[in-house]
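The values are calculated or read from the model by the stated rules, or taken from the named source; none is laboratory data. All values derive from a computational prediction rather than experimental measurement. Here the Cβ is made from the backbone with ideal geometry for all residues, glycine too, and neighbour counts use every protein chain on show. Calculation scope for accessible area: heavy atoms of the full protein, side chains included, ligands and nucleic acids excluded. Shrake-Rupley method; radii C 1.70, N 1.55, O 1.52, S 1.80 Å.
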Amino acid sequence: METYCGLTDTVLLLDHYGEDSKLLHQSFRSAGFTGPVIVIEDNGFLPEDVISAYQFFCGDFRKSSKTPGKARYFNQINVPDYWEISGSNSDGKVYDLHRERGRIFYAEPKHKRLVRVVDWMDERGTVRSSDHYNHYGALYARTFFNKEGKRFCKAYFDGEGRETLLENFVTGDIILNRAGRVYVFKSKVELTLRLLEELGAMESRIFFNSLSTPLFVSERMPEGRKEDVLFWQEGARNDIPGNMQLILSGQSRRAGRIYVQKKASYEKLVQLGASGEVLSPLGFVYGYGRENTFQNKALICTNSDRIEKCEELIKALPRMHFYIAAITEMSSNLMSLSRYDNVTLYPAARMEIIDELFDTCDYYLDINHETEIVSAVKQAFLHNQLILGFRQTLHNKLFIPAGHVFDNHEAMIVFLNRIMDHEEMIREQIDLQKREAMSEEAAAYAALLK
């Protein structure tokens with residue numbers, strides 16, 4: 001975890017560290033932003049340059065001799081004698097004879113089976129506590145539930161296992177034990193304000209991505225010029241949120257601008273009347289990884305043999321070579337596709353192999369049912385692959401334009417036959433893909449920091 005001393009001009013304040021928060025974080029870093037990135041909610045697997053509002057007060061786990069140093073594999077959690085741990089590529093379970101007593105939830109990517117949370121259940125199957133592990137393998141927090149299975153408090157620990165913070169979900173209070181003193185914060189907002197104060201950032205601009213706690217933090221900061229900015233990352237909805245109207249109407253104490261980061265959401269807001277100088281679209285800086293090779297190679301990543309119209313596509317497109325990769329073993333149905341000359345299968349593929357396929361293929365076909373693996377659609381987008389899919393199999397609509405989504409395999413075949421071997425046409429479709437995803441240059445973010 002990085003530390004920041006003295007005044008800083010701008011702080012990036014995020015609610016949760018999900019996919020959109022990660023993209024915003026990376027976009028600012030690509031533009032040269034060196035200030036602190038703070039996340040209100042901690043998932044235990046934050047990047048080294050991201051500060052958790054909770055973990056900041058619990059210290060650096062890397063400096064503790066009790067910390068394992070790396071994330072725990074699913075079978076490395078502590079269980080009573082004779083209890084059994086089992087795991088798949090999606091989750092894990094703990095059994096006392098035939099009774100399920102624990103459920104293990106993995107960090108992404110799930111196939112690595114690294115422990116993020118373990119739910120512990122009583123004899124009736126009701127969750128009574130959750131253990132939270134971080135990417136150093138340390139138990140950093142524990143959530144407690146009442147007999148109805150509703151959470152009522154969460155304790156956070158330092159690297160030595162000592163309780164440092166206690167959050168009461170009923171009252172909203174957060175109690176901090178620090179250097180022999182006890183501090184009581186009435187909300188997450190107060191805790192975050194204390195963090196900003198200790199970072200010397202109370203005079204900073206706040207760039208934030210949520211109308212909940214981050215906005216309330218902004219509103220509680222010392223009043224100054226209206227330089228705080230909301231980066232709106234939610235999907236399209238049929239109304240304008242009340243807290244957003246506060247900014248649009250000029251009634252916010254500090255926030256004076258809104259950047260909408262999804263095209264459909266921006267278009268809907270404009271349709272609802274939220275336009276003007278305060279509101280504008282701004283996508284993400286993606287940082288593409290390679291130049292296209294245009295060799296008619298298509299990649300499919302799957303965790304099952306349910307690939308929509310796969311054999312029909314293989315037979316109808318003999319000039320297209322299909323590379324099908326899975327991180328598990330393949331069924332006999334899927335293995336039988338190896339009889340076609342234009343198919344190469346990779347069962348139980350290592351990540352090095354999958355990475356190489358993203359580097360060498362030109363198309364990604366999002367046509368597998370079941371769960372997406374290895375964030376495949378996003379990876380295809382970042383590797384400049386042209387992404388095509390069926391309406392019933394889409395995993396990530398953000399990166400696939402409407403014109404690249406098909407209702408049947410016949411339409412997909414017509415499209416591919418039209419553009420294959422025409423480099424200029426393929427480039428046009430990839431450029432369209434980038435525009436629809438609102439891909440930005442780093443300079444757009446650099447301008448915000450001036």
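Brief remarks on what is shown
- Sum of -39500 (n - 2.57) over DSSP H runs of 4+, divided by residues of the chain (222 nm, nearest 500): -6500 deg cm²/dmol
- Cross-link table Lys150/Lys186; Lys70/Lys154; Lys93/Lys378, entries beyond 27 Å C-alpha to C-alpha: Lys93/Lys378
- Extension gain, Lys112 back to Lys63 (0.36 nm per residue minus Cα-Cα distance, nm): 15.1 nm
- Proximal charge balance of Phe152 [Cβ under 13 Å; K/R count +1, D/E count -1]: +3
- For region 429-445, putting each phi into the Karplus relation 6.51 cos²θ - 1.76 cosθ + 1.60 with θ = phi - 60° gives couplings of 5, 5, 4, 4, 4, 5, 5, 5, 7, 6, 5, 10, 8, 4, 4, 5, 7 Hz, in residue order, rounded to whole numbers and with x for Gly and Pro.
- DSSP beta bridges confined to the chain are antiparallel in about 55 percent of cases.
- Rounded to 10°, Cα long-axis angle of helix 409-419 versus longest principal axis of the chain: 80 degrees
- Dipole magnitude (debye, nearest 20) for region 342-391, charges at Cβ of Lys, Arg, Asp, Glu: 160 debye
- Region 138-203: relative contact order as a whole-number percent, Cα under 8 Å and 6+ apart: 17 percent
- Along the axis of the charge dipole computed for the chain (Cβ charges of +1 for Lys and Arg, -1 for Asp and Glu, origin at the Cα centre), the listed residues Tyr82, Ile300, Phe28 are led at the positive end by Tyr82.
- Karplus (6.51, -1.76, 1.60) ³J(HN,Hα), θ = phi - 60°, over region 154-171, in Hz, Gly and Pro reported as x: 9, 9, 10, 10, 8, x, 8, x, 8, 5, 10, 10, 9, 9, 9, 6, 7, 8
- For Lys66, the aspartates and glutamates whose Cα comes closer than 16 Å to its Cα, not counting residues fewer than 8 places off in the same chain, are Asp158, Glu160, Glu163.
- Scanning residues 5 or more positions from Cys153 or on other chains, those with amide H under 5 Å from its amide H are Phe144, Phe169, with H placed 1.01 Å from N in the peptide plane.
- Other residues whose C-beta falls under 13 angstrom from the C-beta of Ala446 contribute a net charge of 0, scoring Lys and Arg +1 and Asp and Glu -1.
- Cβ crowding within 10 Å averaged over residues, with 193-203, 238-248 ranked highest first: 193-203, 238-248
- Annotation for region 185-236 versus region 389-426: alpha-carbon center distance of 42 Å.
- For region 135-184, accessible area per residue (1.4 Å probe, heavy atoms of protein chains only), Å²: 53 Å²
- ³J(HN,Hα) computed for each position of region 11-28 - Karplus, 6.51 cos²θ - 1.76 cosθ + 1.60, integer Hz, glycine/proline x: 10, 9, 10, 10, 6, 10, 9, x, 4, 5, 4, 4, 5, 5, 4, 5, 5, 5
- Between helix 188-198 and the chain: long-axis angle, C-alpha atoms, 0 to 90°, nearest 10: 80 degrees
- Net charge over other residues, Cβ less than 11 angstrom from the Cβ of Thr393 (K, R count +1; D, E count -1): -1
- Length-normalised contact order for the chain - Cα pairs under 8 Å, 6+ apart - percent: 12 percent
- For region 360-450, the per residue solvent-accessible surface stands at 43 Å², with DNA, RNA and ligands left out and a 1.4 Å probe.
- Relative contact order of region 302-450: 21 percent, from C-alpha pairs under 8 Å at least 6 residues apart in sequence.
- Built amide H within the under 5 Å cut-off of Met202, gap 5+: none
- Backbone amide hydrogens, once placed in the peptide plane, bring Ile387 within less than 5 Å of Tyr364, excluding anything fewer than 5 places away on its chain.
- Between region 93-158 and region 70-88, the alpha-carbon center distance in angstrom: 12 Å
- Only one of (i) 5, 23, 32, 24, 13, 4, 0; (ii) 4, 17, 24, 25, 20, 8, 1, 0; (iii) 4, 21, 32, 28, 12, 3, 0, 0 was calculated from the structure for P(r) over Cα pairs in 10 Å bins from 0, in percent, and its label is (ii).
- Cα-Cα over 19 Å, subset of Lys226/Lys268; Lys188/Lys226; Lys263/Lys434; Lys112/Lys309: Lys226/Lys268; Lys188/Lys226; Lys112/Lys309
- Percent carbon-and-sulfur accessible area, the chain, ignoring ligands, DNA and RNA, probe 1.4 Å: 48 percent
- Here region 125-181 is treated with +1 on each Lys and Arg Cβ and -1 on each Asp and Glu Cβ, and its dipole about the Cα centre works out to around 140 debye.
- Between the listed residues Ala349, Val117, Leu191, the Cα displaced farthest toward the positive end of the dipole of the chain, a dipole computed from Cβ unit charges relative to the Cα centre, is found at Leu191.
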